[in-house]
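These notes concern the structure reproduced below.
The values are calculated or read from the model by the stated rules, or taken from the named source; none is laboratory data. Only a predicted model underlies this, so the values are computations on that prediction, with no experimental measurement involved. Neighbour counts are summed over all protein chains in view; Cβ atoms, including those assigned to glycine, are modelled from backbone coordinates with ideal geometry. SASA here: full protein model, heavy atoms, side chains in, ligands and nucleic acids out. Shrake-Rupley method; radii C 1.70, N 1.55, O 1.52, S 1.80 Å.
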Amino acid sequence: MAISTMTQNHLVAPHNTNRFNMVPAQQQHVAVDLPKVKIPNGVSRLAESISHALHLHLHVDPQSQTNHQKFNLDILSHHEEKHSTPTMSPRENISQKWHEIQGCSNWEDLLDPLHPWLRREIIKYGEFAQATYDAFDHDSFSEFCGSCRYNRNNLLEKLGLTRNGYKVTRYIYAMSHIELPRWLERSHVADSWSKDSNWMGYVAVSNDEETHRIGRRDIVVAWRGTVAPCEWYEDFQRKLDPIGHGDAKVEHGFLSIYTSKSDTTRYNKSNASDQVMKEVTQLVQFYGQKGEEVSLTITGHSLGGALAKLNAYEAASTIKDLPISVISFGAPRVGNIAFKEELHQMGVKTLRVVVKQDWVPWMPGLVFNESLKMFDELTGLEWVYTHVGAELKLDVRSSPYLKGGMNLPGFHSLETYLHLVDGYLSSKVPFRLEARRDVALVNKSCDMLVDELRIPHCWYQLANKGLVCNAHGRWVRPKRDPDDIPSHTREEACSISDPLPVGNQTYGMSWISS
């Protein structure tokens with residue numbers, strides 16, 4: 001069973017059917033570390049059963065296989081030419097149209113064809129989500145396993161994302177009261193930074209220059225997904241728990257990660273929900289008092305996309321009249337139909353970016369899902385899972401740079417998603433060859449690029465796998481910079497109480513985030 005890859009050597013310009021002018025826009029990305037994932041046999045069997053159940057037709061097309069073997073030399077030449085060009089074009093001022101870009105009309109007429117301004121913003125938020133993987137220490141031999149490698153003041157700088165124009169104001173930590181495989185990374189070292197918490201994401205806010213460009217002060221919450229999502233599919237499809245005061249229910253495991261806390265921990269005396277909501281509320285109040293228009297954009301990949309929806313639900317319930325958008329990538333279903341309807345009634349705008357060959361968005365509720373909505377309404381059952389919001393569907397086969405075949409981690413990889421977004425024009429138009437984002441990023445942690453590109457698979461890792469040669473010629477683990485060592489006391493004492501740049505001056509905040 002394999003997925004064929006179609007190669008294209010031509011480009012058809014899309015018709016301008018949007019409500020405002022199409023202007024080219026691309027994004028840049030700086031590559032950093034992700035772990036290599038081993039696929040359990042059970043997951044391969046799961047993928048096969050899903051493909052049969054959903055009629056995805058994951059078969060080898062002889063003609064497309066021949067095309068793949070004869071990878072077009074023009075495309076290779078075009079790729080070589082781009083090596084000496086920037087990976088990002090100048091960014092446009094979208095201040096007059098930011099409400100449409102953020103989904104005030106549910107992205108009507110902006111998705112097919114995909115408006116270039118929206119494409120750039122999707123990739124920007126996708127890169128913020130990617131940062132939660134890139135900065136995550138998943139080395140079980142590290143005493144800091146499960147933490148962020150960098151402190152919040154230099155996180156975006158270390159990952160090459162300062163060009164996006166945001167400042168990180170708060171880190172988010174999470175735990176769970178139920179056992180969920182591989183979402184929680186633990187250190188083998190006895191004296192580790194934390195035994196039961198993981199770094200789960202961060203809150204950031206746009207600086208003055210970016211605020212001017214996008215037309216409002218934008219608060220971003222980025223949630224981390226699981227390091228090995230193919231290991232938790234069985235755990236996230238069983239039980240729905242109530243949320244809010246109505247009939248809305250959400251998946252038990254997702255809610256546990258979002259709301260679990262314990263007085264015996266250092267990093268989760270307050271849960272992820274309390275941490276993020278306190279920070280967002282204070283930022284909204286601070287900039288609101290200055291007369292600025294404020295938005296909240298929540299992003300995440302995989303499990304992070306599920307947590308983003310829970311975060312959006314709580315934010316909409318807590319902070320009135322705040323424009324809230326969710327940009328998720330490869331996210332599973334989160335709750336029942338009532339949860340979807342309540343999000344809609346509260347004005348939350350959700351854009352789900354989905355790769356057709358990725359199995360995670362089909363979970364949970366492979367059988368009991370939104371297709372049974374009529375049955376649910378007739379019987380009053382509340383256990384039917386449903387997706388929320390608008391969908392941007394991508395296809396691995398659209399890119400001439402990607403291999404065919406069955407590659408579950410590759411299909412689900414956020415870098416694959418961002419590559420496909422960057423090349424997407426419309427459902428009827430081939431992959432755009434003028435896409436600027438570096439194709440090599442796709443192979444950071446998987447083997448998705450065609451061999452003709454000569455990009456090694458899983459190529460990005462720490463130099464010498466993190467070891468350094470000391471003054472005596474011995475290879476040892478380096479000590480972390482003191483500022484990059486996790487510290488719950490520093491988290492409690494700093495956060496958004498640090499000065500933030502406003503205009504040409506710096507304003508301190510009188511309250512402290514815990």
Item to check | Condition broken by GLU210, with the remaining ones in (1) modelled with pLDDT of 95 or more; (2) in a helix (DSSP H, G or I); (3) under 17 Å from the mean Cα position of the chain (by Cα) satisfied | outcome: (3)
Next on the checklist: Going by what's in this entry, would HIS177 be described as closer than 25 Å to SER302 by Cβ, open to solvent by 10 Å² or more (accessible area, probe 1.4 Å) and over 18 Å from the mean Cα position of the chain (by Cα)?
Outcome noted: yes
Next on the checklist: Can you go through GLY126, GLY146 and tell me which one is small (Gly, Ala, Ser), open to solvent by less than 20 Å² (accessible area, probe 1.4 Å), closer than 27 Å to LEU441 by Cβ and in a loop (DSSP other than H, G, I, E, B)?
Outcome noted: GLY146
Item to check | Matching residues, region 283-308, being assigned to a helix (DSSP H, G or I) and within 12 Å of the chain's Cα centre (by Cα) | outcome: LEU303, GLY304, GLY305, ALA306, LEU307, ALA308
Item to check | Neighbours by Cβ (under 7 Å, 6+ apart or cross-chain): first from region 77-101, hydrophobic (A, V, I, L, M, F, W, C); second modelled with pLDDT of 75 or more and assigned to a loop (DSSP other than H, G, I, E, B) | outcome: MET88/ARG436; ILE94/GLY215; TRP98/GLY215; TRP98/ARG216; ILE101/ILE94
Next on the checklist: Being over 29 Å from TRP183 (Cα atoms) and modelled with pLDDT of 95 or more narrows it down to one residue among LYS290, LYS309, LYS320; which is it?
Outcome noted: LYS290
Item to check | Residues that are open to solvent by 10 Å² or more (accessible area, probe 1.4 Å) and either without any contact (Cβ under 8 Å) to a residue 40 or more places away in the chain or not in a strand (DSSP E or B) (or both), drawn from region 338-356 | outcome: ALA338, LYS340, GLU341, GLU342, HIS344, GLN345, MET346, GLY347, VAL348, LYS356
Checklist outcome for this item: Across region 439-457, the tally of residues that are of a type outside the set (Asp, Glu) and assigned to a helix (DSSP H, G or I) stands at 7
Checklist outcome for this item: Taking region 278-312 and keeping only residues that are of a type in the set (A, V, I, L, M, F, W, C) and out of contact with any Ser or Thr (no Cβ under 6 Å at 6 or more places or on another chain), one is left with VAL280, LEU283, VAL284, PHE286, VAL294, LEU296, ILE298, ALA306, LEU307, LEU310, ALA312
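Every residue in region 149-173 that is part of a strand (DSSP E or B), surrounded by 21 or more Cβ atoms within 10 Å (Cβ to Cβ) and not polar (S, T, N, Q), please.
The initial filter retains those residues of region 149-173 that are part of a strand (DSSP E or B), namely 166-173.
Then keep just the ones that are surrounded by 21 or more Cβ atoms within 10 Å (Cβ to Cβ); that gives 166, 168-173.
Of everything in region 149-173, those that are part of a strand (DSSP E or B), surrounded by 21 or more Cβ atoms within 10 Å (Cβ to Cβ) and not polar (S, T, N, Q) turn out to be TYR166, VAL168, ARG170, TYR171, ILE172, TYR173.
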Checklist entry - Quick one: what pairs do we get from region 172-189, first residue more than 24 Å from THR489 (Cα to Cα) and touching a residue at least 24 places away in the same chain (Cβ under 8 Å), second open to solvent by 20 Å² or more (accessible area, probe 1.4 Å) and of a type in the set (Asp, Glu), C-beta under 7 Å, 6+ apart or different chains? => result LEU180/ASP235; PRO181/GLU231; PRO181/ASP235; ARG182/GLU231
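Would you mind stating whether LEU111 is open to solvent by 10 Å² or more (accessible area, probe 1.4 Å) and within 17 Å of PHE329 (Cβ to Cβ)? Before the answer, list the steps.
Working: open to solvent by 10 Å² or more (accessible area, probe 1.4 Å): yes; within 17 Å of PHE329 (Cβ to Cβ): yes.
Judged against the criteria, LEU111 is a match.
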Checklist entry - Which of (1) assigned to a loop (DSSP other than H, G, I, E, B); (2) more than 26 Å from ILE75 (Cβ to Cβ); (3) modelled with pLDDT of 85 or more; (4) of a type outside the set (Asp, Glu) does PRO364 not meet, given it meets every other one? => result (3)
Next on the checklist: Quick check on region 243-258. Is at least one of its residues in contact with a Leu (Cβ under 7 Å, 6 or more places away or on another chain), of a type in the set (Gly, Ala, Ser) and assigned to a helix (DSSP H, G or I)?
Outcome noted: yes
Checklist entry - Which ones in region 407-436 are basic (Lys, Arg) and in contact with a helix residue (DSSP H, G or I) (Cβ under 8 Å, 6 or more places away or on another chain)? => result ARG432, ARG436
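Scan region 319-337 for residues that are of a type in the set (Gly, Ala, Ser) and either part of a strand (DSSP E or B) or open to solvent by 20 Å² or more (accessible area, probe 1.4 Å) (or both) and jot them down.
Pass one, region 319-337, residues of a type in the set (Gly, Ala, Ser): 325, 328, 330-331, 335.
Scanning region 319-337 gives SER325, SER328, GLY335.
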